[in-house]
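Just so you know, all these numbers are worked out from the coordinates, no wet-lab data involved. Keep in mind that this is a model prediction, so the values were computed, not measured. No Cβ is skipped: glycine too gets one built from the backbone with ideal geometry, and neighbour counts run over all protein chains shown.
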Amino acid sequence: MADHYDLLGVSRDASADEIKRAYRKLARELHPDVNPDPATQEKFKEVTAAYETLSDPQKRQMYDAGGNGFGGFGGFGGASGFGDIMDAFFGGGGSRGPRPRVRAGQDALIRVEVDLYEAAFGTERDITLESAVACEKCQATGCAENSHPEMCLICKGRGETQQVTRSILGQVMTSRPCNTCNGFGSVIPNPCRECAGDGRVRARQTINVKIPAGVETGNRIQMSGRGEVGPGGGPAGDLYVEIVEKPHEYLVRDGNDLHIQIGISMAHAALGTHVQVEGLDGNLDVDIKAGTQSGSTIILKGKGVTHLRSTSRGDLIVHVEVQTPTKLNREQEELLQKFAHARGEKDGDIHLSNRDGGLFGKLRGAFHR
């Protein structure tokens with residue numbers, strides 16, 4: 001540990017006034033509200049600890065005699081070890097120093113609904129949200145005009161107050177955040193009326209979001225630095241835009257593939273036909289071959305959803321359902337009977353199928369695993 005006198009830049013026979021003047025000069029240079037650099041904050045803690053010891057006649061006497069300035073002579077491994085034991089027994093902490101007023105802001109989350117077309121090809125969206133922004137009135141300082149933070153007179157800039165109590169270990173010292181300055185080590189005597197000293201205010205803002213092609217429900221777009229501004233005008237967190245895709249009327253998405261189901265008549269399934277289905281690219285031609293069975297699929301390559309971070313696309317899969325008429329007039333019944341007779345079909349005939357498609361195929365596959 002660095003020598004306390006060297007830290008304050010005074011001689012070992014310096015008077016109490018000289019030690020106080022030296023500390024005040026260093027505190028103005030090193031205080032976190034002036035210089036938030038982590039290395040400088042650590043130096044400020046050391047300087048404050050040195051002043052705390054040398055400004056108290058009893059602690060200074062013990063320090064000069066080779067002790068640690070806290071009522072002992074290093075029996076707990078120095079000030080650091082003493083603080084660790086206090087943490088274990090009393091929940092207190094060693095000297096942590098003041099916490100900075102300028103702190104990082106929180107992340108924000110907002111959900112945006114898109115339709116299937118927007119999810120497939122990407123889009124832009126202006127979203128309006130309310131979040132914390134830097135106070136323009138005080139330039140995020142939290143202070144009224146022509147004022148500035150002042151050192152807390154209660155904790156003398158340490159951000160903590162200490163209390164000496166008696167226990168089975170003897171006299172022990174515990175530290176707690178200063179109630180007057182809330183642990184900042186400084187107070188704002190004239191806070192800004194706009195932000196009440198916080199350095200930020202709530203405001204509505206509109207942000208343009210570019211939604212890439214291929215997104216789906218649950219995807220999040222990270223926008224760095226567009227979240228909540230931190231206290232004291234600290235760096236803003238990130239904004240996460242979560243995608244919620246609205247279901248389409250007849251297209252069903254499965255990853256980057258799309259599925260659509262169409263129904264055709266028995267005659268068209270047997271003879272073949274030509275139909276159009278509506279996909280993301282408009283009307284698409286589909287060739288129904290003669291003899292198409294119910295449950296058959298026709299794949300239209302590259303007519304699905306764009307792959308995320310790519311230009312390639314999934315497929316559009318057309319599921320064909322052959323519809324059996326439920327109501328026939330006399331003429332239709334006679335024609336179907338003639339058709340069945342011409343094919344040699346008789347009542348009660350069945351045909352066992354070995355096809356793996358459909359629900360039965362899935363069930364058979366499950367039993368033969």
Compute the distance in nm between two label points, each set 7 Å from the Cα along the Cα-to-Cβ direction, one at residue 311 and one at residue 154.
6.6 nm
Distance in Å, no decimals, from the C-alpha centre of the range 311-350 to the one of the range 114-189 is 74 Å
For residue 113 and residue 222, extending 7 Å from Cα along the Cα-Cβ vector and measuring point to point gives, in nm, a value of 2.9 nm
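Suppose R0 equals 45 Å. What FRET efficiency, 1/(1 + (r/R0)^6) with r the Cβ-Cβ distance, do residue 139 and residue 166 give to the nearest 0.05? Spell out each step's value before the answer.
On the way: r = 49 Å, r/R0 = 1.08.
My answer for the efficiency is 0.40.
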So what are the ³J(HN,Hα) numbers for the range 4-14, from phi and the Karplus equation (6.51, -1.76, 1.60; θ = phi - 60°), rounded to whole Hz, Gly and Pro as x?
4, 5, 5, 4, 8, x, 10, 7, 6, 9, 5
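Just to verify a number: FRET efficiency for residue 210 and residue 249, C-beta to C-beta distance, R0 = 35 Å, to 0.05? Could you put the intermediate results ahead of the total?
Details: r = 27 Å, r/R0 = 0.76.
The calculated FRET efficiency here is 0.85.
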Length gained when the stretch residue 296-residue 193 is fully extended (0.36 nm per residue, less Cα-Cα span)
29.9 nm
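Need the full-extension length gain, residue 179 to residue 259, defined as separation in residues times 0.36 nm minus the C-alpha distance. One decimal, nm.
Values: separation 80, 0.36 × 80 = 28.80 nm, distance 6.39 nm.
Residue separation times 0.36 nm, minus the Cα-Cα distance, leaves 22.4 nm.
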Scalar couplings 3J(HN,Hα) for the range 294-306 by Karplus 6.51 cos²θ - 1.76 cosθ + 1.60 (θ = phi - 60°), nearest whole Hz, x for Gly and Pro, are 5, x, 5, 10, 10, 9, 9, 5, x, 10, x, 8, 5
Give me the number: length gained by fully extending residue 13 to residue 326, i.e. 0.36 nm times residue separation minus the C-alpha to C-alpha distance, one decimal in nm.
101.6 nm
Taking H placed 1.01 Å from N in the peptide plane, check which residues at least 5 places from residue 321 or on another chain put their amide H under 5 Å from its amide H.
262, 263, 264, 295
Given 303/338; 301/346; 137/246; 289/327; 301/327, which pairs have Cα atoms separated by over 32 Å?
303/338; 301/346; 137/246; 301/327
